[in-house]
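Notes for the one structure printed next.
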Amino acid sequence: MTYRSGWQDDDRGQGPREGDELAAPPGTDPMQPSPGIDPALQPPPLPGPQTPGAGMPEVVPGATGSWQQAGGAAYSSGGPGNLPARRERDQPMVSAFGDLVRTGAWDAARKTVSYQVFGDVKLDLRQVLQPGETLEVELYSLFGSAKILVPEGTDVQIQGMTLLGDARSEVGAAATGTPPSGGRLVVTGWSVFGDVRVRSVAAGEKLPRGWRWAQPKRS
């Protein structure tokens, strides 16, 4: 990658002229790894023009590769080698005049898309999103809200737009001191007359009012 200077100088050697090519200083090119850092430990870029489509798996530094309990669910924590095999994208979930609900260890693709009219989208990812993994959720909602539960320590990023509604993250990892899990959720929400909310629930914590739809059913 090259940069062109936006200024010019005379012939006395005081600086480059317009049109001269300069090498990018080390570490300033966002498409290249930063010097001195193991590339395997660098987090992947967020989805965008340079990385269209799906989220990329992250590496959890210091992971042991064994099964452990975190947030009340079992996770595999050995880096990308132990991440579950997932489809990149499923057929969109579509519903009108009703709720879309997914709980437990449901089979989620790397990118989940939903279209909802007059109803709510409720996704429980506590037994789905694993450390070192990035999942994407894309929401299109008219007269309905979206609620997403994630494990403690998840990095949550919300983008998009809501009209006459709020989009907010209620992930409490920073407040409780929970270490980051390496898991990432990227939510893109387009909502009219509805909210988009992402919340984490610690192991053993009682689900608050409005989130008890994710409570396991009693047999």
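The values are calculated or read from the model by the stated rules, or taken from the named source; none is laboratory data. These figures come from a predicted structure and were not determined experimentally. Using ideal geometry, Cβ is built from the backbone for each residue, glycine included, and neighbour counts are taken over all protein chains shown. Just the protein is used for accessible areas: all its heavy atoms, side chains included, with ligands, DNA and RNA removed. Shrake-Rupley method; radii C 1.70, N 1.55, O 1.52, S 1.80 Å.
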query = Considering only protein heavy atoms and a 1.4 Å probe, what is the carbon-and-sulfur percentage of the accessible area of the stretch 139-219?
reply = 55
inquiry  = For the pair Val101/Phe143, report the inter-label distance in nm, with labels modelled 7 Å from Cα in the Cβ direction.
reply    = 2.1
note = Expressed as a whole-number percentage, the relative contact order of the stretch 107-217 with C-alpha contacts under 8 angstrom and at least six residues apart is 30
request  = Report the chymotrypsin sites (Phe, Trp or Tyr not before Pro) located in the stretch 94-181 that are in a DSSP loop and have at most 16 other Cβ atoms inside 10 Å of their Cβ, or state none.
outcome  = Phe97, Trp106, Phe118, Phe143
Debye log10 I(q)/I(0) at q = 0.10, 0.23 Å⁻¹ for the stretch 76-160, Cα point scatterers = -0.25, -1.21
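What fraction, in whole percent, of alpha-carbon pairs in the stretch 100-219 exceed 24 Å separation? Let's see the in-between values first.
Values: 1525 of 7140 pairs.
Here the long-distance tail beyond 24 Å is 21 percent of all Cα pairs in the stretch 100-219.
Which GluC sites (Glu not before Pro) from the stretch 125-219 combine a DSSP loop assignment with at most 13 other Cβ atoms within 10 Å? Please report the intermediate quantities before stating the final value.
Numbers: sites: Glu133, Glu136, Glu138, Glu152, Glu170, Glu205; in loops: Glu133, Glu152, Glu205.
For GluC sites (Glu not before Pro) across the stretch 125-219 that sit outside H, G, I, E and B with at most 13 neighbouring Cβ atoms in 10 Å, the list reads Glu205.
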